[in-house]
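The values are calculated or read from the model by the stated rules, or taken from the named source; none is laboratory data. The shown structure was predicted, so the numbers you read here are calculated from the model rather than taken from an experiment. Neighbour counts run over all protein chains shown; Cβ positions are idealised from the backbone, glycine included.
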Amino acid sequence: MSQRALRGLRQALCQWRPGRRAEKAMRERLPVVVCGLEYAHYRLLTHFACSTRYKALAVIDDYPWHHGTQVEGIRVYYPSEVPSLVERHGVAAVVYCDADDLAVFAEETRERLATWGVPCVRLSPDDEDIDAVLTSRLTH
């Protein structure tokens, strides 16, 4: 299947209106934080917009000119704000694309995430089923 056909299929699925039971399940999606603001991260955000299992709660970037802006309807936060987001929203994971993405976190923030049991999970926007990959990594 071509990339264009896959994009069209993804858009059609995103526009599909679920029934009541599916709608309730979608409201209860697990929040994740996306660490990074490059094209690969944008692709993850578009995936999470259509996901029935996870939702992107926040995007993390340390550039001051990005702070408070929105990407695909998701607010951009500073790395130092992640502990507060985890406490307030019960974040299931911090997802990233490249190992360098996590360099924005201070050691204290990494320790707090570890203490709370919030894993940092590497995902690729090229993974065929990001929901299944993330679920697999969260349960192991």
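Can you tell me which residues in segment 88-123 are of a type in the set (Ser, Thr, Tyr) and over 14 Å from CYS35 (Cβ atoms)?
THR115, the sole residue that qualifies.
Is at least one residue of segment 53-70 closer than 20 Å to SER136 by Cβ and out of contact with any strand residue (DSSP E or B) (no Cβ under 6 Å at 6 or more places or on another chain)?
We begin by selecting, within segment 53-70, every residue closer than 20 Å to SER136 by Cβ; these are 53-56.
Cutting the leftovers down to out of contact with any strand residue (DSSP E or B) (no Cβ under 6 Å at 6 or more places or on another chain) gives us 53.
So far as segment 53-70 goes, yes, one or more of its residues are closer than 20 Å to SER136 by Cβ and out of contact with any strand residue (DSSP E or B) (no Cβ under 6 Å at 6 or more places or on another chain).
Would you confirm whether any residue within segment 52-60 is without any contact (Cβ under 8 Å) to a residue 60 or more places away in the chain and aromatic (Phe, Trp, Tyr)?
no
Here is a list of conditions, (1) modelled with pLDDT of 60 or more; (2) assigned to a helix (DSSP H, G or I); (3) surrounded by 13 or more Cβ atoms within 10 Å (Cβ to Cβ), and ARG4 meets all of them except one; can you say which number that is?
(3)
Give me a count of the residues in segment 86-101 that are under 16 Å from THR115 (Cβ atoms), under 13 Å from the mean Cα position of the chain (by Cα) and not β-branched (Val, Ile, Thr).
Of the residues in segment 86-101, 2 are under 16 Å from THR115 (Cβ atoms), under 13 Å from the mean Cα position of the chain (by Cα) and not β-branched (Val, Ile, Thr).
Output the residues belonging to segment 111-136 that are free of Cβ contacts under 8 Å to residues at least 60 places away in the same chain, surrounded by 15 or more Cβ atoms within 10 Å (Cβ to Cβ) and part of a helix (DSSP H, G or I).
Within segment 111-136, ARG112, LEU113, VAL133 meet the criteria.
Can you tell me which of (1) part of a helix (DSSP H, G or I); (2) at pLDDT 55 or above is the one ALA25 doesn't meet?
(2)
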